[in-house]
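Chemist: For reference, the structure I am asking about is given below.
Please treat every number below as a calculation from the coordinates, not as lab data. Computed from a prediction, not measured in an experiment: that's the story for all the values here. Here the Cβ positions follow ideal geometry from the backbone for every residue, glycine too, while neighbour counts run over all protein chains shown.
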Amino acid sequence: MRAEMSDPIVLVPARLGSTRLPGKPLADIHGEPMIVHVWRRACEAGVGPVLVAADAPEIVDAIRAAGGHAVLTRADHESGSDRIFEALEAFDPEGRHDVVVNVQGDLPTIESYAIQAALLPLADPAVDIATLAVEITREEERTDPNVVKIVASPISAGRFRALYFSRATVPHGPGPHYHHIGLYAYRRKALARFVALAPSPLEKREKLEQLRALEAGMRIDVSLVDAVPLGVDTPHDLERARALLARTNQ
C-alpha cells in the first residue's frame, strides 16, 4: 500500500569527497559506479521520479550516461538535506512535488520495499517527516555508538512516533531497541523549514541531524522494516556490497 500523495520525488545526495573511501559514489560495483546502483534501486521502488543531487560533474555524468537525471549542486553543503533541497528547488521550482524521499547515495543494496515503507506514515497529515527502523537483535548493536537508536512510542503494528534519537543505549530497562535507518520522507514544506533552522543543541551534542526537527516541534513517525541496508563507508563495506550484489544478480 502506498500513502496518498499528490506527487512524490526521490532525491539521492552524492558527495565525491570521502575521508574513508575517496571517490565513493563512483566506486566500481560490477562495472557500474555505486551511485548508479543506488539510482536504479530508487527507480525500482516506483514511488516517483528519481533525481541525484551531486557535488561533482563526474557524478552527474555517470547518472546521465545511465539514463537518469542529476543536478550539480554547491560543493560546500553541510549535509545531504541541504544538498537535496538545492537540487529540488532547481529541478522543480514550481513546487509540483509535495513529498521528498531522501535516499542516501551509499546504499547500493537498499530494497525497494524500504523506500516505499518510508512514505506510509505521511498518510497521516499530522506527520512532518517519516523514517525507518529495524528491531535490534544483535546484542553488540545495543551499545555501539555508531548504531543510532530510536526512542519511539508505538502507534500501530509496525508504526511508531519518534520521541528521541541517540547513540546511547536507550530506553533503559527490558524491552526492544530499534536501529534507525537514515532514510527520510519529508513533506516539502517540512524540508524547507528544516534546512532553514540553525543546528540545535541536542543535534550538536549527539551529532544527529534529525534531533533538530524534534527540537523544533516537528513530528517524525517511523515505519518498522526487517533489515538494515548496507551503508558503504569503507573499502571493506565496498567489498561486502560487491559480494551481496553478485549474489542478487545470479
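Chemist: Please list, by residue number, everything in the range 117-157 whose backbone N is under 20 Å from a paramagnetic label point 7 Å out along Cα→Cβ of ARG167.
Modeler: 134, 136, 139-152
Chemist: Kindly provide log₁₀ I(q)/I(0) values, in the same order as q = 0.20 Å⁻¹, from the Debye equation applied to equal alpha-carbon scatterers of the range 108-246.
Modeler: Cα-only, vacuum Debye calculation for the range 108-246: -1.30.
Chemist: Right, here's the next one. What does the highest-first list of 50-60, 189-199 look like by mean Cβ count within 10 Å?
Modeler: Working: 50-60: 22.3, 189-199: 15.5.
Taking the mean over residues of other Cβ atoms within 10 Å, the ranking is 50-60, 189-199.
Chemist: Separate question: So if the hydrodynamic radius of the range 71-175 is defined as the Kirkwood radius over C-alpha pairs, what does Stokes-Einstein give as its diffusion coefficient at 20 °C and 1.002 mPa s, in µm² per second?
Modeler: So the translational diffusion coefficient is about 131 µm²/s.
Chemist: Continuing with the same structure: Apply the a/c threshold of 1.5 to the C-alpha gyration tensor of the range 41-101 and tell me whether it is rounded, prolate or oblate.
Modeler: oblate
Chemist: While we're here: Any idea what the alpha-carbon Rg over 2.2 N^0.38 Å comes to for the range 180-250?
Modeler: 1.48
Chemist: If you scale each eigenvalue of the Cα gyration tensor by 5 and take the root, what three semi-axes come out for the range 1-111, rounded to whole angstrom and sorted largest first? Working shown, then result.
Modeler: Working: eigenvalues 95, 54, 28 Å².
They are 22, 16, 12 Å, listed largest first.
Chemist: Let me know the Kirkwood hydrodynamic radius for the range 132-213, please, with Cα pairs as the basis and the value in Å to one decimal.
Modeler: About 13.7 Å, per the Kirkwood formula over Cα pairs.
Chemist: A follow-up question, please. Quick check: from the Cα gyration tensor, does the range 122-171 come out rounded (a/c under 1.5), prolate or oblate?
Modeler: Working: a/c = 2.63, a/b = 2.05, b/c = 1.28.
It comes out prolate by the Cα gyration axes.
Chemist: A further question on this structure: Under a point spin-label approximation (7 Å from Cα along Cα-to-Cβ), what is the ALA192-ALA216 distance to one decimal in nm?
Modeler: Spacing of the two 7 Å Cα→Cβ label points: 1.2 nm.
Chemist: Would you calculate the separation in nanometres between label points at ARG142 and TYR113, each defined as 7 Å from the Cα along the Cα-to-beta-carbon direction?
Modeler: So the two model labels end up 2.7 nm from each other.
Chemist: I've got another one for you. Cα centroids of the range 181-247 and the range 76-147: how far apart, whole angstrom?
Modeler: 6
Chemist: On to the next question. Considering the dipole of the range 34-182 built from charges on the beta carbon (Lys and Arg +1, Asp and Glu -1) around the Cα centre, which of PRO57, VAL103, ALA168 is farthest to its positive end?
Modeler: About the Cα centre, the residue reaching furthest to the positive side is ALA168.
Chemist: Right, another one. Scan around TYR164 for amide H atoms under 5 Å from its own, H built in the peptide plane at 1.01 Å from N, and keep only partners 5 or more places away or cross-chain.
Modeler: Residues meeting the amide H criterion: VAL151.
Chemist: I would also like to ask the following. So what is the 222 nm mean residue ellipticity for the chain from helices alone, if each DSSP H run of at least 4 adds -39500 (n - 2.57) and you divide by all residues, rounding to the nearest 500 deg cm²/dmol?
Modeler: Theoretical 222 nm ellipticity from helices: -9000 deg cm²/dmol.
Chemist: So if we plug the beta-carbon distance of ASP28 and VAL151 into 1/(1 + (r/R0)^6) with R0 = 45 Å, what FRET efficiency do we get, rounded to 0.05?
Modeler: On the way: r = 39 Å, r/R0 = 0.88.
Approximately 0.70, to the nearest 0.05.
Chemist: May I pose another question? Mean projection of the alpha-carbon convex hull of the chain over all orientations, in nm²?
Modeler: On the way: hull surface 53.4 nm².
Averaged projected area of the chain's Cα convex hull equals 13.4 nm².
Chemist: Something else about it: Rounded, prolate or oblate: which fits the range 77-129, taking a ≥ b ≥ c as square roots of the Cα gyration tensor eigenvalues, rounded meaning a/c under 1.5, else prolate when a/b beats b/c? Working shown, then result.
Modeler: Details: a/c = 1.88, a/b = 1.10, b/c = 1.71.
Taking the square roots of the gyration eigenvalues as a ≥ b ≥ c, the range 77-129 is oblate.
Chemist: Using Cα pairs under 8 angstrom and six or more residues apart, how large is the relative contact order of the chain, in percent?
Modeler: 22
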